[in-house]
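In what follows, a structure is listed as structure tokens, so that the remarks can point back to it.
The values are calculated or read from the model by the stated rules, or taken from the named source; none is laboratory data. These numbers come from a predicted model, not from an experiment. Glycine also receives a Cβ, built like all others from the backbone with ideal geometry; neighbour counts cover every protein chain displayed. Only protein heavy atoms, including side chains, enter the accessible area calculation; ligands, DNA and RNA are left aside. Shrake-Rupley method; radii C 1.70, N 1.55, O 1.52, S 1.80 Å.
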Amino acid sequence: MRPYLLKGHERPLTQVKYNREGDLLVSCAKNLQPCLWSSEDGRRIGTYEGHNGAIWTCDMTWDSDRLITGSADQTIRIWDLPTGKELFQIRHGEPCRAVKLSAGERFLAATTDAFMEAPPGIHIYNFAENVEDQSATAVQSWKVPKGRITRVFWTDCNRKLITSHDYGILRRWDVETGMQLQEVQVHEDAIQDMQMSPDETHVITASLDKTARLVDIETFDVLKTYKTGRFVQSAAISPLFDHVVCGGGQDASQVTTTAAQAGGFEARFFHKIFQEEFGRVRGHFGPINTVAFHPSGRSFTTGGEDGYVRIHHMDLDYFTTKFF
């Protein structure tokens with residue numbers, strides 16, 4: 001497996017995300033410009049210039065027409081994805097950590113971090129089909145108890161949100177009222193990433209407690225646990241096989257004191273049902289901060305603390321070997 005090594009960021013990656021068709025890939029990092037790549041050959045198509053802080057998150061419309069980014073510069077920006085033109089800006093008083101479009105793309109959910117005296121918050125915006133009709137005023141906002149919000153997803157036909165937090169907590173919210181409906185601690189330490197399964201019946205969470213866990217979105221019951229022995233920064237579910245991939249490694253502050261092999265900077269593959277590890281892919285020189293499967297399941301992408309994006313196209317053996 002010979003990866004494409006993409007160098008478009010000087011600082012650590014925070015998220016990589018494919019569009020629906022899988023032909024485009026967006027990478028976000030702690031530098032100021034998200035990058036757009038061709039997922040087939042790793043060619044850089046362009047960058048989105050305008051943010052003044054780390055880019056924590058992004059989402060794309062169903063037709064790959066617009067890109068939404070959230071940043072530590074306290075703004076959410078809507079871009080014309082093909083041209084890189086900034087179309088609209090929503091300004092907060094706090095850094096934006098996560099954004100997610102609803103099913104049908106009528107609404108946009110955004111989360112903000114605690115800042116100064118303000119607690120974390122969740123904000124719902126109308127997402128206009130025509131940018132001239134877009135409003136920067138939230139139709140619903142509410143404050144959140146302690147715990148930075150790391151990811152947000154819409155569920156139950158856009159009637160509810162689920163959020164992942166520091167302290168290993170998952171919460172469920174009623175969108176109309178902002179009421180907290182459920183809170184369950186599924187990890188012993190902070191949840192760094194949460195990704196939805198293709199059928200939207202469960203999520204996989206990645207945590208600093210050195211595990212990734214498969215969680216039912218209706219009950220928040222933990223279905224499976226994948227133990228790595230290292231901090232897990234990100235995890236993704238294959239849309240093709242019963243596989244999950246986890247990325248992470250030792251704390252970034254300790255990277256210069258140990259060899260790469262000792263740091264555990266590999267993408268690690270587990271069987272989703274049997275919870276057994278069956279493969280590792282090395283290459284990064286620091287912790288892996290984000291992983292994503294291609295919508296076809298035939299490739300995956302990692303983004304690391306070293307500032308590199310690596311696109312891995314699976315070898316034929318991956319499709320023909322029966323691992324369990």
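The Cα center of the range 269-317 and the Cα center of the range 124-177 differ in position by 29 Å. When each of the peptides 203-212, 24-33, 174-183, 46-55 is scored by the mean number of other C-beta atoms lying within 10 Å of its residues, the order from highest to lowest reads 203-212, 24-33, 46-55, 174-183. Charged neighbours of Ser38, selected by a Cβ distance under 10 Å, balance to -1 (K, R count +1; D, E count -1). Relative to the current alpha-carbon distance between Asn126 and Leu181, full extension at 0.36 nm per residue lengthens the span by 17.5 nm.
Tell me, in nm to one decimal, what length is gained between Gln275 and Met116 on full extension, where the rule is 0.36 nm per residue of separation less the Cα-Cα distance? Could you put the intermediate results ahead of the total?
Numbers: separation 159, 0.36 × 159 = 57.24 nm, distance 4.19 nm.
Gain in length upon complete extension: 53.1 nm.
Rounded to a whole number, what % of the accessible area of the chain do carbon and sulfur atoms account for, probe 1.4 Å? Don't skip to the end; give the middle numbers.
On the way: 6570 of 13940 Å².
Exposed carbon and sulfur together represent 47 percent of the surface.
Computed from phi, the 3J(HN,Hα) profile of the range 277-287 under the Karplus parametrisation 6.51, -1.76, 1.60 (θ = phi - 60°) reads 7, 10, x, 9, 10, 8, x, 6, 9, x, x Hz, with x in place of Gly and Pro. Karplus-based coupling profile of the range 179-195, in residue order and whole Hz: 6, 7, 9, 7, 9, 9, 8, 9, 10, 8, 9, 4, 8, 8, 8, 9, 10, with θ = phi - 60° in 6.51 cos²θ - 1.76 cosθ + 1.60 and x standing for Gly or Pro. Each label point was placed 7 Å from the Cα along the Cα-to-Cβ direction; for Trp142 and Ser64 their separation is 3.7 nm. Counted residue by residue at 0.36 nm each, then reduced by the alpha carbon distance between them, the extension gain from Ile45 to Cys157 reaches 36.9 nm. Per-residue 3J(HN,Hα) values for the range 304-309, derived from phi via the Karplus relation 6.51 cos²θ - 1.76 cosθ + 1.60 with θ = phi - 60°, read x, 5, 7, x, 9, 10 Hz in sequence order (x marks Gly and Pro). Averaged per residue, the chain has 43 square angstrom of accessible surface, using a 1.4 angstrom probe with ligands and nucleic acids left out.
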